[in-house]
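Got a structure here, written out as structure tokens. Questions coming.
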Amino acid sequence: MSRFTGKRVIITGTGSGIGRATALLFAAEGATVACLDLKGADETAATITADGGTAHAYVCDVSNSATVKSVVDTAAAVMGGIDILLNIAGIGHFAWTHEEDPVWFDRIVGVNLNGTFYMCRYALPYLLETGNGVIVNTASNAGLMGLPWSAAYCSSKGGVVQLTRALAFEYRGKNVRVNAVAPGGTNTNIVNSFSTLPEGADFREMSKMMSPMGQAEPSEMAEAFAFIASQQARFMTGTIMTVDGGLAC
């Protein structure tokens, strides 16, 4: 398939997991990809280039608005514009709320929610220029339902859900579609970081939340991002597409 031939795409979180798999897929389907992450983006870009694609790597802390603006402007200049923005970078951990370090709460919200806003804020002027811009954010089933030991993560992803809906409504008459994918358990570094429950937590309670379908692979989530970013989904905006094995039914 070549759904993204000629498209200029920025993807965050490309150093591993869903972000890396999505960057590889979009490049394989013809996109020029700007790979952003704190580390590992250069390796992903190198893999794309070795496979005959076109990619550029940028070190970017999405929680820093000045850095985001600089990187987005640079990537847009190098690629000649931006057609698609995929916000995939994210962090999280488990903690009892009465023991949570406020520094960690601020950091999780700073990356997951603020970072998504900063990327949208500085990419939107370029997306508006294209006449056919697309944003796909990363929500989570944790943004649609309550989960224990996850106050920061649920808050950040719930914010992403509402940010997505707000932007979709605001730009629906300006030829910019805004949607989100809400993954469930996926075999990624961030999910593995959730594997250790806080002391005293009941694993049986956590097990009830797990899908009987098990974990997804990053490549499966990449396919969801590709569909919703493509012209196949041209009539979708403001949609939170759950891909979670039925967890949030």
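Which members of the stretch 199-214 meet the condition of being within 28 Å of ALA229 (Cβ to Cβ) and at pLDDT 65 or above?
Result: MET213, GLY214.
Another question, then. Go through the stretch 12-52 and give me each residue that's free of Cβ contacts under 8 Å to residues at least 60 places away in the same chain, within 15 Å of SER219 (Cα to Cα) and either surrounded by fewer than 21 Cβ atoms within 10 Å (Cβ to Cβ) or within 14 Å of the chain's Cα centre (by Cα) (or both).
Those that are free of Cβ contacts under 8 Å to residues at least 60 places away in the same chain, within 15 Å of SER219 (Cα to Cα) and either surrounded by fewer than 21 Cβ atoms within 10 Å (Cβ to Cβ) or within 14 Å of the chain's Cα centre (by Cα) (or both): GLY15, ALA23, ALA28.
So which pairs qualify, if the first residue must be in the stretch 129-144 and assigned to a loop (DSSP other than H, G, I, E, B), the second must be crowded, with 24+ Cβ neighbours inside 10 Å and among the small types (Gly, Ala, Ser), the Cβ gap must be under 7 Å, and the two must be at least 6 apart or on different chains?
Partner pairs satisfying both residue conditions: ALA139/ALA180; ALA139/ALA182; SER140/ALA182; LEU144/ALA182.
If I filter the stretch 215-249 down to residues being in contact with a helix residue (DSSP H, G or I) (Cβ under 8 Å, 6 or more places away or on another chain) and over 30 Å from GLY133 (Cβ atoms), which single residue comes out as modelled with the lowest pLDDT?
GLN215
Right, here's the next one. Can you say whether VAL109 is of a type in the set (A, V, I, L, M, F, W, C) and touching an Asp or Glu at 6+ places or on another chain (Cβ under 8 Å), as far as the supplied structure shows? Full working, then the answer.
Working: of a type in the set (A, V, I, L, M, F, W, C): yes; touching an Asp or Glu at 6+ places or on another chain (Cβ under 8 Å): no.
No, not satisfied.
Just to be sure, is THR74 touching a residue at least 60 places away in the same chain (Cβ under 8 Å), among the polar types (S, T, N, Q) and over 18 Å from SER230 (Cα atoms)?
Details: touching a residue at least 60 places away in the same chain (Cβ under 8 Å): no; among the polar types (S, T, N, Q): yes; over 18 Å from SER230 (Cα atoms): yes.
Considered against the rule, which asks whether it is touching a residue at least 60 places away in the same chain (Cβ under 8 Å), among the polar types (S, T, N, Q) and over 18 Å from SER230 (Cα atoms), THR74 comes out as no.
A quick yes/no check of all residues on (1) of a type outside the set (Ser, Thr, Tyr); (2) at pLDDT below 95; (3) in contact with a Leu (Cβ under 9 Å, 6 or more places away or on another chain); (4) surrounded by fewer than 18 Cβ atoms within 10 Å (Cβ to Cβ):
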| site | (1), (2), (3), (4) |
| --- | --- |
| ASN114 | yes, no, no, no |
| LEU128 | yes, no, no, yes |
| GLY131 | yes, yes, no, yes |
| MET145 | yes, yes, yes, yes |
| ALA168 | yes, no, no, no |
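Ok, one more. When you scan the stretch 184-198, do you find a residue that is modelled with pLDDT of 95 or more and either surrounded by 13 or more Cβ atoms within 10 Å (Cβ to Cβ) or not in a loop (DSSP other than H, G, I, E, B) (or both), even just one? Outline the logic, then answer.
Of the stretch 184-198, the ones modelled with pLDDT of 95 or more are none.
Among the residues of the stretch 184-198, not one is modelled with pLDDT of 95 or more and either surrounded by 13 or more Cβ atoms within 10 Å (Cβ to Cβ) or not in a loop (DSSP other than H, G, I, E, B) (or both), which makes the answer no.
The values are calculated or read from the model by the stated rules, or taken from the named source; none is laboratory data. Only a predicted model underlies this, so the values are computations on that prediction, with no experimental measurement involved. Glycine gets a Cβ as well: all are built from the backbone with ideal geometry, and neighbour counts include every protein chain shown.
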